[in-house]
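These notes are about the structure you will find just below.
The values are calculated or read from the model by the stated rules, or taken from the named source; none is laboratory data. Everything quoted here is computed from the prediction, not taken from an experiment. For neighbour counting, all protein chains shown are included, and Cβ atoms are generated from backbone atoms with ideal geometry for every residue, glycine included. All accessible areas refer to the heavy atoms of the entire protein, side chains included, with ligands and DNA or RNA removed. Shrake-Rupley method; radii C 1.70, N 1.55, O 1.52, S 1.80 Å.
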Amino acid sequence: RSPDVLLSDYHLDDGRTGLEALALLRAHLGPEPPAALITADRDAGLRAAAEAAGHRLLHKPVRPGALRALLAQMLAERAGRSAAE
């Protein structure tokens, strides 16, 4: 069974990043489930890298309503893709 969504902080231990973690998970799980990065980093290059990898981006501090809306959108999109298959 695969998780419904993937969430990762951008800055991880030992200089690793959430982009790396999500890439490893996607290599194992495939293009599903949808993924998002959470970060306080406002660098435009990070936004571009996240989008190029197909991930959403949320900036800290994350408001509960924004996280709820993102999760609902990601789950709805996943359900729509599953129904289309």
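Some notes on this structure:
- Scope the range 1-43; condition out of contact with any strand residue (DSSP E or B) (no Cβ under 8 Å at 6 or more places or on another chain), open to solvent by 30 Å² or more (accessible area, probe 1.4 Å) and either among the small types (Gly, Ala, Ser) or assigned to a strand (DSSP E or B) (or both); matching residues: SER2, GLY15, ALA23, ALA27
- Number of positions in the range 47-68 that are open to solvent by 60 Å² or more (accessible area, probe 1.4 Å), out of contact with any strand residue (DSSP E or B) (no Cβ under 7 Å at 6 or more places or on another chain) and part of a helix (DSSP H, G or I): 4
- Residue within the range 69-83 that is in contact (Cβ under 8 Å) with a residue 60 or more places away in the chain, open to solvent by 40 Å² or more (accessible area, probe 1.4 Å) and either touching a strand residue (DSSP E or B) at 6+ places or on another chain (Cβ under 9 Å) or among the basic types (Lys, Arg) (or both) present: yes
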